[in-house]
Amino acid sequence: MAGLLPGSERWPGAVELDLSSRISRLLEENQVAARSWSEISEWTLPPRSDLEKLTAGLREYERTAPDVFAQGLLLVFSAYYSHPDVLRIVEEVSGYPSRPPQPLGHQVLRPGPDPEPSSIGAMPMWRDDGTQRSREVRAQQAQDPERMWTEEEIATWPM
């Protein structure tokens, strides 16, 4: 873990955080990861104090056992980025709450009543994104604003 997430002035290193309980919980949920972690535990790596050799050793395992290495990487990153200390830093750096969007979700405006039939087609269906293609589509739609164009029809229009 030291070679994957050594830490910095702001970010704690993976070894400092004691991720063992988090990794154990993840291993209980995933047998493939558990087999990979068992294999990884048998790897021989240089001491953490020699980061260059440690990184070279990890790269060698990544080259020779890519699937096992990928499982280990996912486990370590999952445990690291779910740790409360790391989540706090993520919030500080990004300005966003470090939580999944669900179940709280994002604020969404409640839909209003269904549109009146007379208002359908009053606004162009295609947004103006500043491209030539959007200008062409909006021009076509302006010629017959009451018509509901399908994506298939729009796709056939000349570019």
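The values are calculated or read from the model by the stated rules, or taken from the named source; none is laboratory data. For clarity, every value in this text was computed on a predicted model and none was experimentally measured. FYI the Cβ positions are ideal-geometry reconstructions off the backbone, even for glycines, and counts take in every protein chain you see.
Here are some notes:
- ARG48 vs. criteria surrounded by 13 or more Cβ atoms within 10 Å (Cβ to Cβ), under 23 Å from the mean Cα position of the chain (by Cα), of a type in the set (Lys, Arg) and in the same structural domain as ARG88 (by TED's automatic domain parsing): no
- Tally of residues being part of a helix (DSSP H, G or I) and without any contact (Cβ under 8 Å) to a residue 24 or more places away in the chain across the range 8-34: 9
- Output for the range 51-65, where each listed residue is free of Cβ contacts under 8 Å to residues at least 40 places away in the same chain and surrounded by 13 or more Cβ atoms within 10 Å (Cβ to Cβ): LYS53, ALA56, GLU60, TYR61, GLU62, ALA65
- Selection from the range 73-95 of residues that are among the polar types (S, T, N, Q), in contact with a helix residue (DSSP H, G or I) (Cβ under 8 Å, 6 or more places away or on another chain) and either assigned to a helix (DSSP H, G or I) or not assigned by TED's automatic domain parsing to the domain that holds TRP37 (or both): SER78
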